[in-house]
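Enquirer: Sharing a structure here in structure tokens format.
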Amino acid sequence: MNEHDPSKDLIIAPRTAEVQRQTLETEVRVGLNLDGEGQAAIATGVPFLDHMLDQIARHGLIDLSIAARGDLHIDAHHTVEDVGITLGQTLRKALGDKRGIRRYGHAYVPLDEALSRVVVDLSGRPGLTFQVAFSRAHIGDFDVDLLQEFFQGLVNHAALTLHIDNLRGTNAHHQAETIFKACGRALRMAVEPDPRMAGQLPSTKGRL
């Protein structure tokens with residue numbers, strides 16, 4: 001007599017997606033695999049943003065490719081924001097109907113004196129709480145205000161709820177890096193298949 005193998009209930013289609021977004025200001029292409037190994041190929045023209053996005057891929061075990069061209073002769077604002085928007089669209093597409101996932105994720109990440117907490121809910125409702133008091137206005141030539149713009153674009157177009165809190169830190173680079181590492185870890189938890197859900201939707205509303 002053949003016994004039912006519950007592990008087979010967790011087999012899901014590859015959760016991959018690609019999105020291209022083009023405006024008069026930027027052109028952005030994003031591809032991702034939620035069930036990847038943390039590989040990243042990122043070239044946005046904004047080196048600090050590339051470094052931060054690599055943290056999401058590596059610590060989220062998300063294979064991520066991003067190529068962007070923008071009006072950097074003006075400043076990095078449009079590029080950073082539109083990368084967030086396009087990444088959000090790609091993430092939403094890859095998640096599909098969200099059946100069988102954990103839905104919620106959280107992480108605390110330290111880096112020397114800095115400590116950040118990120119909590120995510122793949123709720124279908126965009127919402128960002130960004131509580132970060134950076135110790136200085138620029139990291140190299142990167143304007144730290146743009147990080148909130150990135151996350152706002154991500155949240156709005158992935159339709160998720162995201163709480164970002166830098167709990168302490170005096171080095172702005174460390175503050176930013178702990179945020180992105182924690183974001184990767186929180187997303188990794190939230191998108192992970194839940195063996196107890198067996199393809200069910202993690203909501204009493206019937207949809208996310």
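Enquirer: Taking the residues in the range 98-149 that are touching a residue at least 40 places away in the same chain (Cβ under 8 Å) and of a type in the set (F, W, Y) as candidates, determine which candidate is nearest to L72 (Cα to Cα).
Expert: F142
Enquirer: Still on this structure: Which one is farthest from V30 (Cα to Cα), of the residues in the range 137-164 that are of a type in the set (S, T, N, Q) and assigned to a helix (DSSP H, G or I)? Spell out how you get there, then give the answer.
Expert: Looking only at the range 137-164, we keep the residues that are of a type in the set (S, T, N, Q), and these are 148, 152, 156, 161.
Then drop every residue that is not assigned to a helix (DSSP H, G or I), which leaves 148, 152, 156.
Numbers: Q148: 20, Q152: 17, N156: 16 Å.
The extreme case among them is Q148.
Enquirer: Quick check on my filter: what residues within the range 65-85 are in contact with a Lys or Arg (Cβ under 7 Å, 6 or more places away or on another chain), in contact (Cβ under 8 Å) with a residue 40 or more places away in the chain and either surrounded by fewer than 23 Cβ atoms within 10 Å (Cβ to Cβ) or not charged (D, E, K, R) (or both)?
Expert: The one that is in contact with a Lys or Arg (Cβ under 7 Å, 6 or more places away or on another chain), in contact (Cβ under 8 Å) with a residue 40 or more places away in the chain and either surrounded by fewer than 23 Cβ atoms within 10 Å (Cβ to Cβ) or not charged (D, E, K, R) (or both): I85.
Enquirer: Of the numbered conditions (1) acidic (D, E); (2) more than 14 Å from L208 (Cβ to Cβ); (3) touching a Ser or Thr at 6+ places or on another chain (Cβ under 8 Å); (4) crowded, with 18+ Cβ neighbours inside 10 Å, D50 satisfies every one except a single condition; which is it?
Expert: (4)
Enquirer: May I ask you to list the residues in the range 1-49 that are at pLDDT 95 or above, charged (D, E, K, R) and not in a strand (DSSP E or B)?
Expert: Filtering the range 1-49 for residues at pLDDT 95 or above gives 15-49.
Imposing the further condition that a residue be charged (D, E, K, R) reduces the set to 15, 18, 21, 25, 27, 29, 35, 37.
Once the filter is applied, which keeps residues that are at pLDDT 95 or above, charged (D, E, K, R) and not in a strand (DSSP E or B), the range 1-49 yields R15, E25, D35, E37.
The values are calculated or read from the model by the stated rules, or taken from the named source; none is laboratory data. All values reported here derive from a predicted model rather than from experimental measurement. Glycine also receives a Cβ, built like all others from the backbone with ideal geometry; neighbour counts cover every protein chain displayed.
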